[in-house]
Amino acid sequence: MAAFRRAIEYGLPSEFDVHLIADGSLVVFHDEDLERQTGVKGSIESYDLTNLRKLRLEGTDEKIPTFDEVLSLYEDTGLPLMIELKCVKGNYRPLARAVAERLDSYKGDYAIESFDPRVLIEYRRLRPEVIRGQLSQNFFKKKEGLPFYQVVMLTNLMLNKLTKPDFIAYKFADRDNRVLRSLIDRKGYDEISWTIRSADAYRAVLRNGGIPVFEKITPEELKEILRGKGKED
């Protein structure tokens, strides 16, 4: 929550990941496994909220926030959100439904994205008016335990005819994928590039007409980057 508050202080939108845990609660956390950020082994989906709230993030006093807490923080700011749905063990239907129902009462602007095409198909069925994006990368480099046919299909965005995304969010380091470039050029998809960690990479995304999702770039550095693009804010 401290990071979200700082982003709001500087007028920055946020991108974050949402998980559906064992008791049906929605929480904001990047990884499926808890160990990297909490030091405790285990899948976040196997926890209920009471036990999850006992954990602390990266040696600080910060707890894993709930989806409600983050939405409440942003609701009156006018800053849009990019919300990634993290499907685990095929829970795309209950995950999509729980997120959609919570966002029905949210007053701010947001878009939905996911690596899992089933999430986007389900979300489109539930809330066809909501902007949705397909996340992807070159899975040949990092297979993530996927079978070969899924590596081919997901890397090359072969399910777009079913998911019908409004934008594509692709890993910046893998952006030279020919299928991706063809889709951007011919179909006119908006392109989001992740995760940007340097001023030079940020500038490269802007030069190509993309939207950067970044971290480890200070607000001061960001001002310098945007000043070079002729932007005041």
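The values are calculated or read from the model by the stated rules, or taken from the named source; none is laboratory data. Since we're looking at a predicted model, the values are computed, not measured. Quick reminder, even Gly has a Cβ in these numbers, built from the backbone with ideal geometry, and neighbours come from all protein chains shown.
Brief remarks on what is shown
- Count of the range 57-85 residues, restricted to those that are over 17 Å from residue 35 (Cα atoms) and touching a residue at least 24 places away in the same chain (Cβ under 8 Å), is 19.
- If only residues of the range 180-198 that are of a type in the set (A, V, I, L, M) and at pLDDT 95 or above are counted, the one that is farthest from residue 135 (Cα to Cα) is 196.
- On inspection, residue 143 qualifies as modelled with pLDDT under 95, over 17 Å from the mean Cα position of the chain (by Cα), outside the structural domain of residue 202 (by TED's automatic domain parsing) and not hydroxyl-bearing (Ser, Thr, Tyr).
- Residues in the range 38-57 that are of a type in the set (Lys, Arg) and within 15 Å of residue 23 (Cβ to Cβ): 53, 54.
- None of 21, 8, 44 is within 21 Å of residue 215 (Cβ to Cβ), crowded, with 18+ Cβ neighbours inside 10 Å and touching a residue at least 24 places away in the same chain (Cβ under 8 Å) except 44.
- Residues being among the polar types (S, T, N, Q) and closer than 17 Å to residue 69 by Cα - total across the range 1-44: 2
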